[in-house]
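Everything below concerns the one structure shown next.
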Amino acid sequence: METTLLRSFSFLAAELSPIFLTNFLATTVLVIAAAFYFHFRSNGIYLIDFTCYLPPDSLRVPTSNFIEHIEISGMHDRESVDFQTKVLERSGIGAESCMPITVHEIPPYSSLKATRNETETVLFTIVKDLLSKHKINPKSIDILVSNCSLFSPTPSITSMVINKFGFRSNIKSINLSGMGCSAGILSISLAKDLLKVHKNCLALVLSMEAVTPNGYGGRMKSMLLPNILFRMGAAAILLSNRKQDKRIAKYELQHLVRTHIGSDDEAYQSVFQTPDEAGHVGVSLSRALLRVATKALRSNMSELGPLVLPYSVQLRYAWSVICKKLWFLPSKKGIYVPNFKKALEHFCIHAGGRAVIDGIEDSLKLHKEDGEASRMTLHRFGNTSSSSVWYELCYLEAKGRLKKGNRVWQIAFGSGFKCNSAIWKCISDIDPTKRNAWSDCIHFYPTQNDTLN
């Protein structure tokens with residue numbers, strides 16, 4: 001038996017030439033090297049931390065002050081004052097929300113210099129807070145993305161920040177404007193794409209809206225609404241694709257879905273900046289806005305659903321669509337609305353207004369508590385445009401609601417018309433006692449005010 005084995009081995013060794021053995025060993029080494037490469041290479045996008053701007057108390061705009069201010073300023077007639085008063089009292093915005101100093105003046109003062117001062121005050125504060133908190137040298141930032149819809153100066157907003165903090169000369173910087181309230185998630189999408197291309201990088205994303213230059217002094221009711229809803233605010237978000245940053249990051253980006261239905265005229269014109277008959281420029285919010293937002297959300301959900309929902313929920317939805325098409329389903333019952341709570345624990349709905357939050361809750365069949373972060377953000381900070389979803393995430397952190405493994409759905413809407421979604425997975429233990437924009441008042445929330453229910 002041993003003799004047979006030795007003969008077989010000798011025959012096999014004779015057949016294997018040195019060239020074959022060399023190729024075999026080289027292939028083995030390459031396979032092992034590739035395995036190590038793919039194992040240690042980071043494909044994830046990590047959210048290390050974020051900071052939301054907290055305006056000083058001196059800039060608060062209680063309802064009584066707002067009404068008195070527009071009456072004394074003489075910019076609006078009695079009908080316009082009464083309309084704004086009525087809407088504000090039902091808006092769900094509380095007395096703690098803030099506006100820039102120039103809006104407090106009588107009459108309100110708007111200029112390029114004043115708008116630049118507002119932008120610098122807000123952004124310089126949050127960038128300094130975020131970088132100093134993590135002891136990050138500004139020169140280590142590789143990518144800078146900013147978004148501000150209605151203020152696009154020269155030099156750009158990113159240039160303001162680069163000049164102030166001394167970022168590197170080869171930093172990749174992009175400034176977005178005109179993208180509306182959904183631009184915060186859109187900026188994350190852009191940063192994500194850049195991080196997919198450029199390895200081992202840090203990206204800083206800045207989201208804000210300038211309130212100073214956008215007050216409307218005319219009489220069109222659809223253009224008076226932004227005067228009532230929008231308040232000052234901003235967020236700075238630090239992203240990384242470096243594997244070593246996973247251990248210190250709060251969240252990992254799971255999915256990001258963007259929807260644009262601007263090919264539809266009604267959707268395109270639902271949020272529209274234009275002059276009125278008297279030449280006053282303002283942003284018009286049409287009556288079709290909620291219908292358009294629901295349509296955009298439905299389209300966004302159809303793409304997001306297969307990425308996050310369990311197969312059982314997807315099959316039930318598909319079956320209801322088939323039955324509806326074949327007339328098996330009673331018209332009153334309608335198509336099954338997927339239960340996203342089976343896959344996601346928390347929801348950050350853009351705080352565009354009380355009606356927007358109510359409408360999205362209804363569309364998604366959510367409970368009131370699911371929209372708590374959005375309602376409380378609207379009450380405390382107002383509509384801060386693209387940064388509102390970050391104030392909501394900040395609220396959830398301050399409340400201690402986020403647990404390791406939880407997934408959060410940020411839903412943003414904006415002019416165009418756009419609906420953008422981001423799904424974040426919590427990958428660390430969030431300390432609710434860490435100071436943030438809600439720390440001083442979180443114990444007062446949620447409020448029990450009837451206007452929020």
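The values are calculated or read from the model by the stated rules, or taken from the named source; none is laboratory data. If you're wondering where the values come from, they're calculated on a predicted model, not measured in any experiment. For neighbour counting, all protein chains shown are included, and Cβ atoms are generated from backbone atoms with ideal geometry for every residue, glycine included. All accessible areas refer to the heavy atoms of the entire protein, side chains included, with ligands and DNA or RNA removed. Shrake-Rupley method; radii C 1.70, N 1.55, O 1.52, S 1.80 Å.
Annotations
- Of the residues making up the range 369-383, those that are of a type outside the set (Asp, Glu) and within 18 Å of LEU402 (Cα to Cα) are GLY371, ALA373, SER374, ARG375, MET376, THR377.
- Some residue of the range 407-416 being outside any strand (DSSP E or B), modelled with pLDDT under 95, more than 22 Å from ILE93 (Cβ to Cβ) and not acidic (Asp, Glu): yes
- Residue in the range 209-220 that is free of Cβ contacts under 8 Å to residues at least 60 places away in the same chain and within 22 Å of the chain's Cα centre (by Cα) present: no
- Within the range 274-310, the set of residues being surrounded by fewer than 16 Cβ atoms within 10 Å (Cβ to Cβ), assigned to a helix (DSSP H, G or I) and over 19 Å from the mean Cα position of the chain (by Cα) comprises ARG291, SER302, PRO306.
- Residues that are in contact with a Gly (Cβ under 8 Å, 6 or more places away or on another chain) and either at positive phi or not in a loop (DSSP other than H, G, I, E, B) (or both), drawn from the range 139-178: LYS139, ASN147
- Scanning the range 175-189 for residues that are aliphatic (A, V, I, L, M) and open to solvent by less than 50 Å² (accessible area, probe 1.4 Å) turns up LEU176, ALA183, ILE185, LEU186, ILE188.
- Complete set of residues in the range 411-431 that are under 21 Å from LEU130 (Cα atoms) and touching a helix residue (DSSP H, G or I) at 6+ places or on another chain (Cβ under 6 Å): ILE430
- Beta carbons closer than 7 Å, at least 6 apart along the sequence or on distinct chains, pair a first residue in the range 342-369 that is on the phi > 0 side of the Ramachandran plot with a second that is in a helix (DSSP H, G or I) and open to solvent by 10 Å² or more (accessible area, probe 1.4 Å) for GLY353/LEU229.
- Taken over the range 38-62, the criterion of being assigned to a helix (DSSP H, G or I), loosely packed, with under 15 Cβ neighbours inside 10 Å and not aromatic (Phe, Trp, Tyr) is satisfied by HIS39, ASP57, SER58.
- Any chance LEU253 is surrounded by 16 or more Cβ atoms within 10 Å (Cβ to Cβ), at pLDDT 95 or above and out of contact with any Ser or Thr (no Cβ under 7 Å at 6 or more places or on another chain): yes
- In the range 96-135, residue modelled with the highest pLDDT [restricted to those that are of a type in the set (A, V, I, L, M, F, W, C) and in contact with a His (Cβ under 9 Å, 6 or more places away or on another chain)]: VAL103
- Helices (runs of 4 or more DSSP H) (entirely within the range 71-138) containing at least 1 residues that are among the charged types (D, E, K, R) and surrounded by fewer than 14 Cβ atoms within 10 Å (Cβ to Cβ): 78-90, 112-133
- Filter result for THR259 (open to solvent by less than 50 Å² (accessible area, probe 1.4 Å), within 23 Å of the chain's Cα centre (by Cα) and among the β-branched types (Val, Ile, Thr)): yes
- The set of residues from the range 406-430 being surrounded by 23 or more Cβ atoms within 10 Å (Cβ to Cβ), β-branched (Val, Ile, Thr) and under 18 Å from LYS246 (Cβ atoms) comprises just one member, VAL408.
- The C-beta contact set for the range 421-447 (first residue assigned to a loop (DSSP other than H, G, I, E, B), second residue of a type in the set (Lys, Arg) and open to solvent by less than 90 Å² (accessible area, probe 1.4 Å), distance under 6 angstrom, 6+ apart or interchain) comprises SER428/LYS250.
- Against the criterion of being assigned to a helix (DSSP H, G or I), open to solvent by 40 Å² or more (accessible area, probe 1.4 Å) and under 25 Å from GLY414 (Cα atoms), LEU194 does not qualify.
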